[in-house]
Amino acid sequence: MFKFLKERNKLYCFSPEVMLGTFLVEIAMAAYVFVRYRMSVTAKLIVAILLSLAIFQAVEYKICDGNFDLYLAKIGFIAITMLPPLGLNLISRIAQVKSLIKIGYFFAGIFILHIIFSAGSISHAVCGGNYIIFETSSYLNLPYGLYYFILLAVGIWICIDGALLNKKIKRRADALFWMMVGYLSFMLPMAVLYMFNRDLLWATASVMCGFAVIFAIILTFKVLPAYNSKNVRKY
């Protein structure tokens, strides 16, 4: 699915053209969900996730096109900051459990306020030719990384536990299974790439969102149809 070509740091599946194509695909899927599912709460969460991913891809494309703008970079970072609590909210609805949703949104709000009002939160963004390296304040890196890792880990745990508890409701179990697959579709490739090139740690957001187009496809054509099946009780 990916390969190193000519240069060690070149991942040609993340070229600017692919960024633009990914943006268009994610916008199209958001429009499809909007029209097809009449904006149920679950559909709204998925549309929000798809739009957040699309916004980040658009920002990446503009930066790699030579149009760096600090405010544009902040918009992209705000978009991906919302992804963990939105994903956790979606998983919790499917599994019908209470989790760290409010705490997730709270910390997302804290990070977003910091990104907006702190002059040094994002100082620059460098285009590596096929991924973006955001230069963020040193004191933001660790808490932001923990925020992402914890919410993603909690989401995967709820998927596993919820799928086991909902064995008798096959479609709900299927939706949770596909959510887990969707999470792993961008987490595992990033882990493998990091094993080959540890410099990619600084481009984690960009690389993960590049692979997240797989997650977007899974959300649209696997998770949502399963959850909206007649065998799944909505709430």
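The values are calculated or read from the model by the stated rules, or taken from the named source; none is laboratory data. Every value quoted in this text rests on a predicted model; they were computed, and no experiment measured them. Ideal geometry is used to build each Cβ from the backbone, glycine not excepted, and the neighbour counts take in all protein chains shown.
Figures for the structure shown
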quantity	calculated
Close pairs from the stretch 43-62: first in contact (Cβ under 8 Å) with a residue 60 or more places away in the chain, partner among the charged types (D, E, K, R) and assigned to a helix (DSSP H, G or I), Cβ under 7 Å, at least 6 apart	50/26; 53/26; 57/26
Selection status of residue 230, modelled with pLDDT under 70 and either part of a strand (DSSP E or B) or farther than 24 Å from residue 115 by Cα (or both)	yes
Residue identified as buried (at least 22 other Cβ atoms within 10 Å of the Cβ), within 19 Å of residue 27 (Cα to Cα) and in contact with a Cys (Cβ under 9 Å, 6 or more places away or on another chain) among 50, 83	83
Count - residues of the stretch 154-193 that are surrounded by 15 or more Cβ atoms within 10 Å (Cβ to Cβ), of a type in the set (Gly, Ala, Ser) and within 17 Å of the chain's Cα centre (by Cα)	3
The stretch 14-37 residues that are under 16 Å from residue 222 (Cβ atoms), paired with ones that are outside any helix (DSSP H, G or I) and of a type in the set (A, V, I, L, M) (beta carbon under 9 Å, 6 or more apart)	33/39
